[in-house]
Amino acid sequence: MPSVDTPLLVRQESDQTDAAAEDLERGLHSGAGNDFRHLIDSYPETVIKILEKKGMEKLGSFNVPDTSVLPLIRGTGMLTLGSQKKDIDFEPEWRRRMQDCQTSGRQTQKPKGWTGVVEVEAHVVTIRNAAGTDDAGLLNPLLKRWQDQACSQMVFGLPAVQSVINFKWDRWARKLLLLEFAFYLVWLLSFQVFMLLFQDENDSLSLRELVATKRGIITVAVEVSALLGMSPFLYIEACTVIEYGPRRWLSIWNLMDLATYFLQVAIALVHLLRLNIRSEYVSILVASQCLLLWLKIQYFARVFQPTKNAFVDTLRSVVADVKWFLLFLVLTMWGFAGAFYILFREDQQQFQEFSTIWHAWLTMFNFMVSGFEFGIFYDCHNPQAAILLVVLYMFVVAVIFLNLLVGIMTDSWSKVKENEGLRFLCSKAEVIDEIESTVPQWVKDRNPSWYPAYVHVLKVNPESADEVEMDAMWSRLGGEPGESIMDDKTELNVKLSKMSRQLEALQAALDASQSKAGGGSGPASSANGQQHKAESDDEQTQAERKERFGEDS
């Protein structure tokens, strides 16, 4: 219960949190309803706070050899299992789970050094059906709220949300994503072979004449294979639009995916129907498809541990930060292009670089990235004005603007790096939810273990071993009522907050030991020491002032 001195708004929020936890504990364990949906409907203002304060419950702890648990949690920092019960005999259950992981080959290397003992903690996500399917679970509503910019990305670092993400990932999502990746490789490799064969294809042959040759049979076969490899992605995209709606689905990256599907179908139709395949537009279509297909690999790379700094996330952050600066840079280059175009109006036949306004702008871009030769400006009709203008352009654009651009991009990368753990978890949640929305209902019905009533978690005590990904979030469990992980805003601040609390604890222990060693009377002797230190500091400050005033006079 909050104290009488606690502010009214804090007491009301705490009362709502406690009431929600009691409500879940009292009535929904045996009901057929959705617990998290009930939480949203009943306490919409405090859902995140309830997830943070009441979302996890520690069942107990026990000791295990470090070589039997640390290799199993590498990457995610935890082990998860599903159960229909909230309270389980956790120690034998987890020892059995670790033994199963070792025998199944998840722990691939035998220990080569010594073996120590670490303390592991057994937790449980207190919200029933948190790992439920679609909007019956926890991830889908949180993702939609985050996409509506109604909550911080920090929500995906909350221990309860981390646990659900890692359970679904380990239980089924990773396997289905690898299957999806296999279809992508079929699509990518088939199109690459088609591109190489299409390069020197005889465009005068009809389709019947083409398939009469061995080369033609291979070309058509890999083209059909590319279409088959693409078909699962069309289904996934359609399910995603239906699940999220056009407004949430609409983004530059999804539009690029849509363009990839359109180009693949268009290229197949043009090639199989033999519609002017030597046209330069067909070459542009094939070249664009090559780039878009290679870019799509970032969709898979962003959810694997070695590539947390995914190109797409970094590019998204950089573009968001520099878009207006780039617009100003382009307009500045356009202004200089117009000035050079007018200045070279009597030399446009001699210098193709300034024959049109578009050529002039491309010349400005070339000057910016690769420099220039002064010979062009010495041979024109206005050499003094041209040299003065180009020196001004190089100083403004190449010296000032480009260095500012590098600084902005460096700052953007730093922000991406700062929250790489949160971005990694958020990307996992997005991929899991996207896959989940495409899995047929009969597959879900045949795999009830994918959606247990409760998710149990085994973690190494953060004080017992080196910190792993996002462990600082778990160190805040059971903190002060007024503290909130969400107030830290970034993953780095969470870790700094943990270090600050550890330093404060060490300082308190040091003060206590000094007090005992000095034979003082605890707080009284400490106060006397602080008073003596303050008086000494005052005397030193006065002496420094007198010395300074004497020098000035």
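Summing +1 for each Lys or Arg and -1 for each Asp or Glu, what net charge is found among the other residues whose Cβ lies under 15 Å from the Cβ of Gln441?
-3
What nm distance separates the two modelled labels at Phe374 and Ile342, each placed 7 Å from Cα along Cα→Cβ?
If labels sit at Phe374 and Ile342, their model points lie 2.6 nm apart.
Report, to one decimal in Å, the Kirkwood hydrodynamic radius for segment 170-279 based on all distinct Cα pairs.
15.6
Need the C-alpha centroid separation for segment 250-269 versus segment 373-435, integer Å.
Cα centroid of segment 250-269 versus Cα centroid of segment 373-435: 28 Å apart.
Just to make sure I understand: if all protein chains stay in place, what is the order of Lys415, Lys85 by accessible area at 1.4 Å, largest first?
Lys85, Lys415
First measure r as the distance between the Cβ atoms of Arg37 and Ala509, then evaluate 1/(1 + (r/R0)^6) with R0 = 60 Å and state the FRET efficiency to the nearest 0.05.
For Arg37 and Ala509, the calculated efficiency is 0.85.
Write down the Å³ per residue value for the convex hull defined by the alpha carbon atoms of segment 223-292.
So the per-residue Cα hull volume is 89 Å³.
Mind jotting down a quarter of the surface of the convex hull over the alpha carbons of segment 63-103, in square nanometres, one decimal?
Computed as one quarter of the Cα hull surface, the answer is 3.3 nm².
Over what distance in Å are the Cα centres of segment 132-179 and segment 203-233 separated?
If we compute the Cα centre of each part, the gap is 41 Å.
Calculate log10 I(q)/I(0) of segment 366-439 for q = 0.28 Å⁻¹, where I(q) comes from the Debye formula with a single equal point scatterer on each Cα and nothing for solvent.
Listed by q, the Debye log ratios stand at -1.16.
Given labels modelled 7 Å from the Cα in the Cβ direction, how far is it in nm from Asn447 to Asn254?
Taking the two extended label points, one gets 2.4 nm.
Filter the GluC sites (Glu not before Pro) in segment 366-425 to those in DSSP coil with at most 16 other Cβ atoms within 10 Å of their Cβ, and list the result.
Those that pass, being in a loop and sparsely packed, are Glu373.
For Phe325, Phe300, give the ranking by accessible area with the largest first, probe 1.4 Å.
Ranking Phe325, Phe300 by accessible area, largest first, yields Phe325, Phe300.
What does the accessible area per residue of segment 145-289 come to in Å², with a 1.4 Å probe and no ligands, DNA or RNA counted?
For segment 145-289, the solvent-accessible area averages 50 Å² per residue.
Within the set Lys86/Lys168; Lys58/Lys428; Lys54/Lys86; Lys49/Lys175; Lys49/Lys144, which residue pairs have Cα atoms separated by over 23 Å?
Exceeds cut-off: Lys58/Lys428; Lys49/Lys175.
With each pseudo-label sitting 7 Å past Cα toward Cβ, what's the Leu392-Leu331 distance in nm, one decimal?
Going by the 7 Å Cα→Cβ label model, 1.8 nm.
How would His271, His381 line up by accessible area, probe 1.4 Å, largest first?
His381, His271
Starting from one equal scatterer on each C-alpha and no solvent at all, send me the Debye-based log10 I(q)/I(0) for segment 278-402 at q = 0.17, 0.19, 0.20, 0.22 Å⁻¹, two decimals.
Evaluating at q = 0.17, 0.19, 0.20, 0.22 Å⁻¹ gives log10 I(q)/I(0) of -0.93, -1.00, -1.05, -1.15.
Report D for segment 58-211 in µm² per second (integer): Stokes-Einstein, Kirkwood Rh on Cα pairs, 4 °C, 1.567 mPa s.
The Stokes-Einstein estimate is 66 µm²/s.
So, taking all protein chains as they sit and a 1.4 Å probe, how much accessible area belongs to Glu463, in Å² rounded to tens?
The accessible area comes out at roughly 130 Å².
Can you work out D for segment 318-468 in µm² s⁻¹ from Stokes-Einstein, where Rh is the Kirkwood radius over C-alpha pairs, the temperature is 20 °C and the viscosity is 1.002 mPa s?
103
Which value, in Å² rounded to 10, gives the accessible area of His359 with a 1.4 Å probe and all protein chains present?
80
FRET efficiency for Leu207 and Gln352, Cβ-Cβ distance as r, R0 = 41 Å, nearest 0.05?
The value I calculate is 0.45.
The values are calculated or read from the model by the stated rules, or taken from the named source; none is laboratory data. Nothing here was measured: the structure is a model prediction, and the numbers come from that model. All Cβ positions, glycine included, derive from the backbone under ideal geometry; neighbour counts span all protein chains shown. Heavy atoms of the whole protein, side chains included, go into the accessibility calculation; ligands, DNA and RNA do not. Shrake-Rupley method; radii C 1.70, N 1.55, O 1.52, S 1.80 Å.
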